[in-house]
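Notes follow once the structure below has been shown.
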Amino acid sequence: MPRNFQGKVIWITGASGALGRASAETLAAEGATVIASSRRREALPEGERIIPLPLDVTATGAAEEAAREIVSRFGRLDGLVTSTALPIFGDFLSLDDAAWQAVIDAKLLGTVRLVRAALPHFISAGRGSIVVLSGRGGLEPSPQHLPGSSVNAALILLVRGLGAVYGPKGVRINAVSPGPIKSPRLDALNAAGTGQPPQTPIPGPGLPTDVADAVAFLLSDEARFITGANLLVDGGGRALS
Ligand SMILES: NC(=O)c1ccc[n+]([C@@H]2O[C@H](COP(=O)([O-])OP(=O)(O)OC[C@H]3O[C@@H](n4cnc5c(N)ncnc54)[C@H](OP(=O)(O)O)[C@@H]3O)[C@@H](O)[C@H]2O)c1
């Protein structure tokens, strides 16, 4: 059964990034109206069914205001994808409080704020689906990426907890954890790392569209009995650890 997002409104934050943009394009191609958010208006995708809505997830009240604006402009909200991150990598001893705080604020608290802003709309509609971009580092920490890996672990736990609470209200929430995906972020991580690219049984790196397909599946009605889950899109890399 082909997925069909016709008439659905999906909000993606981190949409100027490699994986957020691929998710926006995949969902729009499958019929969704996509609201594309991140801080840089000029970097956001735009199209017939992709509408840019600039947003800084670290700004107090900004996520709630954006959620209200989407519902008032489009009359509904069916799904949320959180795909924010900062390219902060390095040895543990080289990363100070400010570096840790920035990663926590943009990705962990950013996701918390977005979910908190969207949930009331989903609950009142009695349906909704959320996909949180975490990362394989949340299960197998990367030494050059400990702030991001720690936040990813927290997000996987958050998704499990929220899945249990909001399933009875018709809201599903799942995580997607990419492994190495061809992207500027992977290039930056490799440049900061030991030079040993992560190994995957399926030759990698994966493509942003591999992640976008997983996101679209979890958002769709095909995943109606799935919540609180963490779907690895890592070419099987976890199996080697
Ligand atoms: N690429 C990979 O190989 C890989 C692997 C594992 C996990 N992941 C995870 O997958 C997600 C997406 O990765 P990616 O490769 O697409 O990363 P990316 O290209 O670096 O994109 C990150 C996005 O976050 C946005 N952002 C950062 N701070 C923000 C803020 N305060 N408010 C709103 N938006 C903000 C950025 O846009 P602006 O700068 O315009 O705000 C950008 O759109 C991330 O959570 C990442 O950790 C990626």
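The values are calculated or read from the model by the stated rules, or taken from the named source; none is laboratory data. As the structure is a prediction and not an experimental result, all values here were calculated from the model. Cβ sites come from the backbone with ideal geometry, for glycine too, and all protein chains shown count toward neighbours. For accessibility, only protein heavy atoms count, side chains too; no ligands or nucleic acids. Shrake-Rupley method; radii C 1.70, N 1.55, O 1.52, S 1.80 Å.
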Based on the mean of other beta carbon atoms within 10 Å per residue, what is the order of 221-233, 121-133, most packed first? 121-133, 221-233
Residue-wise HN-Hα coupling along the stretch 126-135, computed from phi with Karplus coefficients 6.51, -1.76, 1.60 (Hz; x: Gly, Pro): x, 7, x, 9, 10, 10, 9, 6, 9, x
Under 5 Å between amide hydrogens, which residues at least 5 positions from SER37 or on another chain qualify, with H placed 1.01 Å from N in the peptide plane? ILE12, THR13, GLY14, ALA15, LEU53
Using modelled backbone amide H atoms (1.01 Å from N, in-plane), which distant-in-sequence or interchain residues come within less than 5 Å of ILE130's amide H? LEU80, ARG172, ILE173, ASN174
Per residue, what volume in Å³ does the Cα convex hull of the stretch 103-155 take up? 61
3J(HN,Hα) from dihedral phi, the stretch 35-47, Karplus parametrisation 6.51/-1.76/1.60, rounded to Hz, x for glycine, proline: 9, 9, 10, 5, 6, 8, 3, 6, 9, 7, x, 8, x
On average over all directions, what projected area in square nanometres does the chain have, based on the convex hull of its Cα atoms? 12.6
Any idea of the accessible area per residue across the stretch 9-240, 1.4 Å probe, to the nearest Å²? 45
I'd like the carbon and sulfur percentage of the solvent accessible area for the chain, probe radius 1.4 Å, heavy atoms only, ligands and nucleic acids excluded. 56
Can you tell me which lysines have their Cα less than 29 Å from the Cα of LYS169? Leave out same-chain residues fewer than eight positions away. LYS8, LYS107
Straight-line reach only, C-alpha to C-alpha below 18 angstrom: list the aspartates and glutamates that LYS182 could link to, leaving out same-chain residues fewer than 8 apart. GLU25, ASP210, ASP213, ASP234
Assign unit charges at the C-beta atoms only (+1 for Lys and Arg, -1 for Asp and Glu), then state the dipole size of the chain relative to its Cα centre in Debye, rounded to the nearest 20. 600
Long-range amide H partners of VAL233 with built H, under 5 Å: SER177, GLY179
So what J values fall out for the stretch 167-178 if you push phi through Karplus, 6.51 cos²θ - 1.76 cosθ + 1.60 with θ = phi - 60°, rounded to Hz, Gly and Pro as x? x, x, 9, x, 10, 9, 9, 9, 10, 10, 10, x
Just want the answer: with Cβ charges of +1 for Lys and Arg and -1 for Asp and Glu, which residue in LEU218, SER149, LEU240 is farthest toward the dipole's positive end in the stretch 9-240? LEU218
